[in-house]
Amino acid sequence: MNDITSKDLTTLQELMKTYGESAFRAKQLFEWLHKKMIWDYDEMTNIPHGLREKLKQDYPIIQMKIAKKYTSQLDGTIKYLFELQDSHIIEGVLMRYKHGNSICISSQVGCRMGCKFCASTIGGLVRNLSAGEMLAQIYKVQEDIKERISNIVIMGSGEPLEKLDITMQFIQLINSKLGQNIGQRHITLSTCGLVPAIYELADMMMQVTLAVSLHAPTDEKRKRIMPIAHKYLIADILKACRYYTEKTSRRITFEYALIEGENDTEEDARELGKLLSGLLCHVNLIPVNQVEERTYKSSHVSSIEKFMKLLSAYGIQTTLRRKLGSDIDAACGQLRNRYIKERGE
Ligand code: SAH
């Protein structure tokens, strides 16, 4: 995609050269796009009119709009549906904490990973997002709430390690001092465990937090709920995670969605405890969100509490994901599916 909002400063400088313009025009353009978040050439008043016209012709800026917005009356959480230029729908969630605003963004339209409990994967992968489309989710929400966002989790629809190059482009842009300057430590990237990409990411020595969706303590159980488990064994994922912690000194988060009767027994907790003990990590337990099209149910409160206690006994830091926006609740990908149905597709 010839999307100008996805280009870094160096690429913009090269582009300016082809127009016979000096390098500082690239910096101006970059600041309009990523610091001021103005995605309309007509408003870029310090760029000469002639150049703006050429850019309009050659690099029309992608447009994205907020299609729908659901605000929680309980805690201010806002779920957004965004409409992309080609009319595909993606979703994002703004969460408000005492320490600042956090946003969960999508990395793809749909997903092909096929996790059995997840709504995002029901229609498969439609297409990847560009780095600019990942950024636009943040810029649009900042514009909407008129506040800054300080934390980003790439945990919406899609698998961000499937196109690591795009995800890296996004991280570099949002991290840029000439743009929003959001620190790598304020960015979390969630993966279902694509082993080779975890090694690649580790070698880049990024400071982002890696979250790995484990969801089961054995390969057998994992295969029942996550098709990717047929490709990568838990042992290999953990080896890659160990490598990541050695390279980056960053603690890994393991996500574990508790599903009644699938992965929530005391035996499961013990096996998970043994598996993870000694690893620089933290477990985030998530009572599974029920999805209309799926039969999985969340574990009982009593099993969740027991699970937490058992894990802690292995010295593993465990947190239970707080449920935000429960009055506008919809599992990952669910709002999009409903909206598309309503739209009659
Ligand atoms: N593909 C990436 C990121 C997107 S999913 C990944 O797999 O990590 C973000 C997180 O939400 C993952 O941990 C995923 O397993 C979890 N998730 C998806 N559907 C869910 C549901 N119905 N209930 C609870 N967690 C869910």
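List of remarks:
- Principal semi-axes in Å for the chain [√(5λ), Cα gyration tensor, largest first]: 37, 22, 18
- Segment Asp42-Asp75, length gained on full extension (0.36 nm per residue, minus Cα span): 8.1 nm
- The Kirkwood radius of segment 140-299, taken over pairs of alpha-carbon atoms, gives through the Stokes-Einstein law at 20 °C and 1.002 mPa s a diffusion coefficient of 127 µm² s⁻¹.
- Spin-label model, Thr10 to Lys306: label points 7 Å out along the Cα-to-beta-carbon direction sit 5.6 nm apart.
- Length gained on full extension, Lys98 to Asp58, computed as 0.36 nm times the residue gap minus the Cα-Cα distance: 10.0 nm.
- Rounded if a/c under 1.5, otherwise prolate or oblate - segment 198-261, Cα gyration tensor axes: prolate
- Across segment 4-58, the volume of the C-alpha convex hull divided among the residues equals 73 Å³ per residue.
- Accessible-area composition of the chain, carbon plus sulfur, in percent [1.4 Å probe]: 50
- Normalising the average separation of contacting C-alpha pairs (under 8 angstrom, six or more residues apart) by the number of residues puts the relative contact order of segment 65-342 at 18 percent.
- Within the listed set Ser157, Ser213, Ser22, the Gaussian network model of the chain (springs between alpha-carbon atoms below 10 Å) gives the highest mean-square fluctuation for Ser22.
- Modelled FRET efficiency - R0 30 Å, His88 with Lys231, Cβ distances, 0.05 increments: 0.65
- Whether segment 57-147 is rounded, prolate or oblate, judged on the alpha carbon gyration tensor where a/c under 1.5 counts as rounded: oblate
- Summed over the residues of the chain and divided among them, the accessible surface reaches 45 Å² per residue at a probe radius of 1.4 Å.
- Length added when fully stretched, Arg251-Gln290, from 0.36 nm per residue minus Cα-Cα: 11.1 nm
- Helix-only CD estimate at 222 nm, as mean residue ellipticity for the chain, using -39500 (n - 2.57) per DSSP H run (n ≥ 4): -11000 deg cm²/dmol
- What the Cβ-Cβ distance of Leu178 and Arg322 gives, at R0 = 41 Å and to the nearest 0.05, is a FRET efficiency of 0.75.
- Sites Ser277 and Glu200, calculated FRET efficiency, Cβ-Cβ separation with R0 22 Å, nearest 0.05: 0.25
The values are calculated or read from the model by the stated rules, or taken from the named source; none is laboratory data. A quick note: this is a predicted structure, and the numbers were derived from the prediction, not measured. Every residue, glycine as well, gets a Cβ built from its backbone with ideal geometry; the counts of neighbours run over all protein chains shown. Ligands, DNA and RNA are stripped out before the accessible areas are found, and what is left, the full protein with its side chains, is counted by its heavy atoms. Shrake-Rupley method; radii C 1.70, N 1.55, O 1.52, S 1.80 Å.
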